[in-house]
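Read the structure below first, then the notes.
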Amino acid sequence: MNEAALAADDQLAMVGAGGREAVRDGLIDLELVTARLIDALRTEKPGPRQSIRLLLHERRMRRGGRYAMPPDRLERGSLLATLVELGHAVHALGLAAQQIAPATEVQRVAPPQPGKLAWRIAARVTLAAALAMAGGMALSPQRWFWAVITVYLVFLSARSRGDTIYRGLQRVGGTLLGIASGLVLATFAAGHPVLETALLLLSVFGMFYYITVSYTVGIFCVTVLLGLLYGMLGAPVETLLVLRLEETAIGAAAGILVAAFVYPTRTRDQVMRSGRGVLACLVEAARECRLALTGVPAAAPMVAMRRVDRQVADLRLALAPLTVGRSLLRRSALERPVPALLECVHWTRVLAAASHARPTDADDPALAARVAEVETRLAGLAGVTAEPAGGVSAAEAAPAPVRDSSAVATALDQLESAVTMLAERLEIGALEGFAVDF
């Protein structure tokens, strides 16, 4: 689950209802305009004169200024018009953020009930730590804890066998690269306190900055930091760094060995669970779009899309170990349906933004029927039961702002094509014997 999305939702929970919705709408609009800008850059290459205008608009956007030129005066879909739309979206989001007020009463979500005890992971980590402790103490009775720490970090947030192997290789690779750099920097900066202090601070910054982005770079910074510290203390840097590499390799090997043979959780199973989670959330988002189009006041397609984003982040984490093998072997069969799945996510987001404010003909049965059909097809792919489509009475329907229904129809056209492509990709995988049905 994406921790950044959870933190953002927790912060928005402290904002009043009106401000919270305005900020969420602004973020969705900014995301969609950014996607259109990327598409425009792919199809239209800016010339020198247009590049200067783009640079001026970018600077104004960075200052948060509002564009005097409305985007509808420019050619629709052009690069300049899309950049102007992006500037307006940034300005609107800034205004929404400035006008938010704290919530008078914050609703706290009840914590989930405790589930089953995680005895499998506890048994694996304990066994791996015991093996690492034995190997580490045999190598060095003073530094054996480096091997045990490696086991802990390798299993931290690892949900599958591939995750454990991936993190183990990252830690060994980062340590190996850090040893060479640490030796060079410690030798070069020896006797220069100011330079050593600056390099230490840069290593600390890089460690905390990159550890969530690239685990290898984060471990690289940690190893460089240790090399500099040992050099300042007058310890034998080369011997200690080589020992660290050996202890790290022992801990990583113990973790990989246990993950592979003791209660293993296959990467394939984790990817399929995450993929089904994305499809299930897409079903929910499509249902919320249908309810919004039929006039249900409580419909929240934007909130449903945030749950989709969380599941997509979870799927990306599950697929991360497969990216290593992609550079050496052919692309995994588990990755083949992912582009079509992400295409479904994108057009569902566009549909959610279009249906957030109902169109003029909100009770158009054709639009509602098409959304219900897409919902049923997604539910079939996800293996869940779709909620029966039903209308609302005129008394239940709330007054809604005017929104052009053509945006809904366009998003539906693209979403139907994306769902068809996803179904074909899954069917092809099943026929080839891969059975990558999420």
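List of remarks:
- Exactly one residue out of L30, L56, L41, L37 is open to solvent by less than 30 Å² (accessible area, probe 1.4 Å), in a helix (DSSP H, G or I) and either modelled with pLDDT of 60 or more or in contact with an Asp or Glu (Cβ under 7 Å, 6 or more places away or on another chain) (or both), and it is L37.
- Residues considered: T265, T212, T216, T248. Of these, the only one that is part of a helix (DSSP H, G or I), of a type in the set (S, T, Y) and open to solvent by 20 Å² or more (accessible area, probe 1.4 Å) is T216.
- For P321, the conditions (1) farther than 30 Å from E375 by Cα; (2) part of a helix (DSSP H, G or I); (3) over 16 Å from the mean Cα position of the chain (by Cα) all hold with the exception of (3).
- When the stretch 139-161 is filtered for residues that are closer than 15 Å to L257 by Cβ and open to solvent by 40 Å² or more (accessible area, probe 1.4 Å), only R161 remains.
- Of all residues in the stretch 348-369, none satisfies being open to solvent by less than 60 Å² (accessible area, probe 1.4 Å), at pLDDT below 55 and at positive phi.
- Members of the stretch 268-278 found to be crowded, with 23+ Cβ neighbours inside 10 Å and aliphatic (A, V, I, L, M), listed by number: V271, V278
- Here T239 fulfils each of the conditions (1) more than 22 Å from Q142 (Cβ to Cβ); (2) of a type outside the set (G, A, S); (3) open to solvent by 50 Å² or more (accessible area, probe 1.4 Å) apart from (1).
The values are calculated or read from the model by the stated rules, or taken from the named source; none is laboratory data. For clarity, every value in this text was computed on a predicted model and none was experimentally measured. Don't worry about glycine lacking a Cβ; one is built from the backbone with ideal geometry, like all the others, and counts go over all protein chains shown. Please note that ligands, DNA and RNA were not included when accessible areas were found on the heavy atoms of the full protein model with its side chains. Shrake-Rupley method; radii C 1.70, N 1.55, O 1.52, S 1.80 Å.
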